[in-house]
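Notes for the one structure printed next.
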Amino acid sequence: MNTTTTTTVATPVENVTRTPRPAPKAPKGAAWTEPEVKATAPADPAVVAELARLRAENARLTAAVDKAHHVHDLTCKVSDKRGMSVYGLGRFPVTLYKEQWARLFAFADEARAFLKEHDAELKAKGE
C-alpha cells in the first residue's frame, strides 16, 4: 500500500502581499470632518508639519482679508420703495427715506455725545 504524506508550510504574515484599501470618499457635497481626515491621512511627520503650516497661513490670510473688507464694506443703494439702504452694518440693510436721513444726520452730534457719555455702559460688537 502506498501512503502519501502531505506537508503544509505556513507562510509568514510578513510575506503576504495585500492590496491597500482605497481611502473612503466624502459624500457628494459634504466635507471631511477632522476625525475622518486623521483616519485617512498619512502619519508622515513632514506632511503633518506642512499641513499645520498651511492651516496657520490660511488663518492669517483669512483674518487679513476679513479685516480689509470690514473697513470699506458699507454700500448704499436705492431701495425698491425709493429709500436709501445702507448695507454692511449688520445682517439686514438700514433703509430710510431722504427726510429720515436728514433728521438722523442733524442728530449726529447728539448721538456722538451720548456714545461718549455712556461708553462704559455700551457694548461693542463681539464683546
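Tabulated data for the structure shown
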item	result
Radius of gyration and maximum dimension Dmax of region 75-117, Cα, Å	12.1, 38
Assigned charges on the beta-carbon of Lys, Arg, Asp, Glu; region 75-117 dipole about Cα centre (debye)	220
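Here, each number is a calculation from the coordinates, and none is a lab measurement. Since this is a predicted model, take the numbers as computed values, not measurements. Cβ: placed from backbone, ideal geometry, glycine included. Neighbour counts: every protein chain shown.
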